[in-house]
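Okay, structure first, notes after.
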Amino acid sequence: MAATLRTRISDWIRQGLVAAQEAGDLPAFEVPPVVVERGRREEHGDYASSVCLKLAREARMNPLEIARRVVAHLPEVDFVGRVEAVKPGYINVWLDERWLAVQVESILEAGESFGALDLGRGQRVQVEFVSANPTGPLTVGSARNAVLGDTLASVLAAAGYEVEREYYVNDAGSQVRKFGESVYARYAEALGESAPFPEDGYRGQYVADLGRELAEEAGRRYLEMEYKEAVRAIARWAVDRVLEWIRKDLADLGVHFDTWRHERSFYEEGLFDKVLGMLRERGYVVEYDDAVWFRHPDLEKDAVLIRSPKVIPEPSERPTYLASDVAYLWDKLVERGFDRAIYIWGADHHGDVPRVKAAAKALGVDPDRLVFILYQLVTLWRGGEEVRMSKRSGEFVTLRDLLDEVGPDPIRFMLLARTADAPVDFDLDLAVEQSERNPVYYVQYAHARIASILRHAQERGWSLDEPADLSLLHHPSEMALIRKMLELPEVIEQGARKLTPHFLPFYAQELAATFHAFYRDCRVVSSDPADADLTRARLRLVRAAKSVLARVLHLMGMTAPERM
């Protein structure tokens, strides 16, 4: 689809403005962007524009008179049935119902590509998300990150962008070493030996499980090695095992990545040294207190790139997160040439954003090509009480726990249904409730109900592929359903422009409600031979509704069940 209905109507009104100027009915002035909104009330039309209100001063005319002159010069188009200029200067537009009915066939022909746009024009966008430290299982917070990133990537792809999903593996630095020390201690313990447990190590039950697994797999091999060498080897092994868990959990959530980029590669391959050298040459690196600092006029204070050996003895652990972030942004936007890099980060990283943006500017990279989406925390509730978690103490709710209790679809829907900057209260009881109160169930039930209607029709001998006279569709509930289906391209456009995929679950609920109202008001399969043509038309409409509902569910990474 080249453009949404909103865009087509905007262009159409602009044509009327220009035509009125060319005819001398409006004075010459630069025509501004024509903003078109959906009508808030049925009597105000399907769409409305207030552009004429903004032109009153330039045109030196009453806004209503401007609107009337624009309407008089609007060219005829097949998708508009009626247009009016109304006080104080709005242009209200009603879609043509005959045109609406014909769109049922267009929706069916588009299938899973319905709503696809060319907004991105093939621009290469990388969405980097989840990227949790590989030192433990994914938590519920990581689940929100996963759902946001994966759905946003799907929306951007539907809007015409070339999208790559990436997981950034933080496998360098002191946290990985502490993880290795923690597993080493539990490994030794499993073999009946004692080893010091790091003071700020990882104490979850999963660490003990890893230690036992390693003891069974390797025997006493690592106890016979020099301690530091053993810790490094065990850390690599443990990180790989945790990454296996992470891959499995994300796959069960319906999330898959195109690439997994390892932080340690920036140092092993020399990319960080290259980027640090560039910053030095440009005068953005200073050294004092035995440390290496990044200095930029956009920052209130210097930021550490490489810590002092007096603070961190091990050279491989001295680079900070910012050091890796600087190398990573260069890797994304220069080495690999993405047009835009989108980061999904927890809100606690808000202080890192200006530093990374300043580093981009220092390297001559447009900082606007870096986009950061910060999401708030998730709170789990059961029986009206908060389910608490604490990763360090080992008492935390993992994504695996949540998958086993409620399944992937409720997780995805309920974590997506709020804007990223708003916290989420996840009701575990509601997530598994099979009633209209549960929005996940409500939407998926609509799809299953449609599938049941179509099966019933086939059992009665109706062909689902038979052509139909769609002009017979004119009942208000039929028209409402078609109108709601045709909103999907605008929802995709809005999500892609604003990088806010939370519009999808709201639209899905509205579409399900509109279908349920249609089903209440319009009998689909009639036993009366006189209604045969209408039955065929309504079966086409129902098939289209099923297709659009499935499309929305799939954009959200959810299943479209045939039975419930």
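General remarks:
- Each residue in segment 170-199 was checked for being touching a residue at least 60 places away in the same chain (Cβ under 8 Å) and surrounded by fewer than 23 Cβ atoms within 10 Å (Cβ to Cβ), and 6 pass.
- Segment 409-447, subset aromatic (F, W, Y) and not assigned by TED's automatic domain parsing to the domain that holds A512, residue nearest to the chain's Cα centre (by Cα): F413
- Among residues of segment 141-172, those that are farther than 23 Å from I411 by Cα and assigned to a helix (DSSP H, G or I), counted: 0
- Residue match in segment 56-64 (condition: among the small types (G, A, S), under 41 Å from the mean Cα position of the chain (by Cα) and surrounded by 15 or more Cβ atoms within 10 Å (Cβ to Cβ)): yes
- Those residues of segment 304-341 which are in a helix (DSSP H, G or I) and among the aliphatic types (A, V, I, L, M), in sequence order: L322, A323, V326, A327, L329, L333, V334
- Test: residue in segment 523-534 that is within 20 Å of R563 (Cα to Cα) and touching a residue at least 12 places away in the same chain (Cβ under 8 Å): yes
- Boolean, T559 is among the polar types (S, T, N, Q) and assigned to a helix (DSSP H, G or I): no
Matching residues to (1) surrounded by fewer than 16 Cβ atoms within 10 Å (Cβ to Cβ); (2) aliphatic (A, V, I, L, M); (3) touching a Lys or Arg at 6+ places or on another chain (Cβ under 9 Å); (4) assigned to a helix (DSSP H, G or I):
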{"position": "D368", "(1), (2), (3), (4)": "yes, no, yes, yes"}
{"position": "M414", "(1), (2), (3), (4)": "no, yes, no, yes"}
{"position": "A422", "(1), (2), (3), (4)": "yes, yes, no, no"}
{"position": "V440", "(1), (2), (3), (4)": "no, yes, yes, yes"}
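- Matching residues, segment 15-36, being within 24 Å of G115 (Cα to Cα) and surrounded by 12 or more Cβ atoms within 10 Å (Cβ to Cβ): V34, V35, V36
- Selection count where residues are surrounded by 15 or more Cβ atoms within 10 Å (Cβ to Cβ) and assigned to a helix (DSSP H, G or I), scope segment 255-303: 10
- Residues that are in contact with a strand residue (DSSP E or B) (Cβ under 9 Å, 6 or more places away or on another chain), farther than 29 Å from V147 by Cβ and among the aliphatic types (A, V, I, L, M), drawn from segment 316-358: A323, A358
- Just one of the listed residues (V169, V183, V163) is under 30 Å from S308 (Cα atoms) and either outside the structural domain of D240 (by TED's automatic domain parsing) or touching a Phe, Trp or Tyr at 6+ places or on another chain (Cβ under 6 Å) (or both), and it is V169.
- Residue within segment 498-511 that is in contact (Cβ under 8 Å) with a residue 40 or more places away in the chain, part of a helix (DSSP H, G or I) and among the basic types (K, R) present: no
The values are calculated or read from the model by the stated rules, or taken from the named source; none is laboratory data. Values in this document were obtained by computation on a predicted structure and should not be read as measured data. All Cβ positions, even for glycine, are placed from backbone atoms using ideal geometry, and neighbour counts span all protein chains on display.
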